[in-house]
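First the structure, in the form of structure tokens, and then the observations on it.
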Amino acid sequence: MSGSETRPRPTAHGPLPADTTQDARARGADLSRQVAVLPVGSFEQHGPYLPLATDTLVACAIARRIADAYPVHLLPPVTISCSHEHAAWPGTVSISSVTLHAVVRDIADSLRRSGVEALVVVNGHGGNYVLGNVVQEGSARGERLALFPAAEDWQTALDAAGVRTSPLTDMHAGEIETSILLHAHPEMVRAGHESADFVADDRRHLLTTGMSAYTESGVIGRPSLGSAEKGEELLNGLAAAFGPYFSLLTSEDPGLPESGRG
């Protein structure tokens, strides 16, 4: 056996999967159902120190950590989504919720035609509300779909990582996103996050006014508390939280896994 055949194969190169078609054929061959993981991000402002692609990079980091731990098919990311609330800032690009819904539906349909029955959508952007509808509707049709991470998964990971900002306060470009990028893509984080904290917990009119009514910088959260160590622990916690999703999607029993029962 040659040296190239004995070296571990990388799951991904940057945000893109590194699989060959043979890898895809072999992965999950012994499972009752094969599972694909689709990262969905966005292309929107994240203040002056994080890139427009932040949500995509976060979704890819989560999906890659999942693919390192479970026999799933890692898909390339959807990089532009529903960022209409950020339209006041240069660089932000959006598609309609109808388009995003159709794209994810088409991907799920294509996977089933190639023998991959289950799809997990890893969402990196809070404004992608329509992804919940995609999963609900597909599940009602008898398809195997899931949306990850749920709020409970995030909370468990936040507690384990020692993240101090609440999910309400850490709305955008705050402690969570800064930490994950400091760990996964430190070269993407520019100077300035150390002094960019801004809190606006009452955002009841966000959908009507957009983000610009609540923040001039584009930041809502406490990025000064971010660290690479917290970012690594967040990803570890989310990967651990994925276990019940994998069991549910690959099980013959459509009921909840034990960890999801009331």
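In the stretch 185-214, what residues are surrounded by 13 or more Cβ atoms within 10 Å (Cβ to Cβ) and either of a type in the set (D, E) or touching a residue at least 40 places away in the same chain (Cβ under 8 Å) (or both)?
H185, M188, V189, G192, H193, A196, D197, L206, G210, M211, S212
Provide a single number: the residues in the stretch 78-99 that are surrounded by 17 or more Cβ atoms within 10 Å (Cβ to Cβ), assigned to a helix (DSSP H, G or I) and in contact (Cβ under 8 Å) with a residue 60 or more places away in the chain.
2
For the stretch 195-213, check the following and say yes or no: at least one residue is under 16 Å from G126 (Cβ atoms) and in a strand (DSSP E or B).
Scanning the stretch 195-213 turns up no residue that is under 16 Å from G126 (Cβ atoms) and in a strand (DSSP E or B).
Kindly indicate the residue of the stretch 162-177 that is surrounded by fewer than 23 Cβ atoms within 10 Å (Cβ to Cβ) and out of contact with any Phe, Trp or Tyr (no Cβ under 9 Å at 6 or more places or on another chain) and also nearest to E229 (Cα to Cα) among those meeting that condition.
The residue in question is G162.
Rundown of residues vs (1) closer than 16 Å to V35 by Cα; (2) part of a loop (DSSP other than H, G, I, E, B); (3) open to solvent by 50 Å² or more (accessible area, probe 1.4 Å), yes/no style:
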{"residue": "H101", "(1), (2), (3)": "no, no, no"}
{"residue": "R105", "(1), (2), (3)": "yes, no, yes"}
{"residue": "R112", "(1), (2), (3)": "yes, no, yes"}
{"residue": "V122", "(1), (2), (3)": "yes, no, no"}
{"residue": "G127", "(1), (2), (3)": "no, yes, no"}
{"residue": "Q136", "(1), (2), (3)": "no, no, yes"}
{"residue": "G142", "(1), (2), (3)": "yes, yes, yes"}
{"residue": "D153", "(1), (2), (3)": "no, no, no"}
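The values are calculated or read from the model by the stated rules, or taken from the named source; none is laboratory data. Since we're looking at a predicted model, the values are computed, not measured. Backbone-built Cβ (ideal geometry, glycine too); neighbour counts: all protein chains shown. Quick note on the areas: whole protein, heavy atoms, side chains included, nothing else; ligands and nucleic acids left out. Shrake-Rupley method; radii C 1.70, N 1.55, O 1.52, S 1.80 Å.
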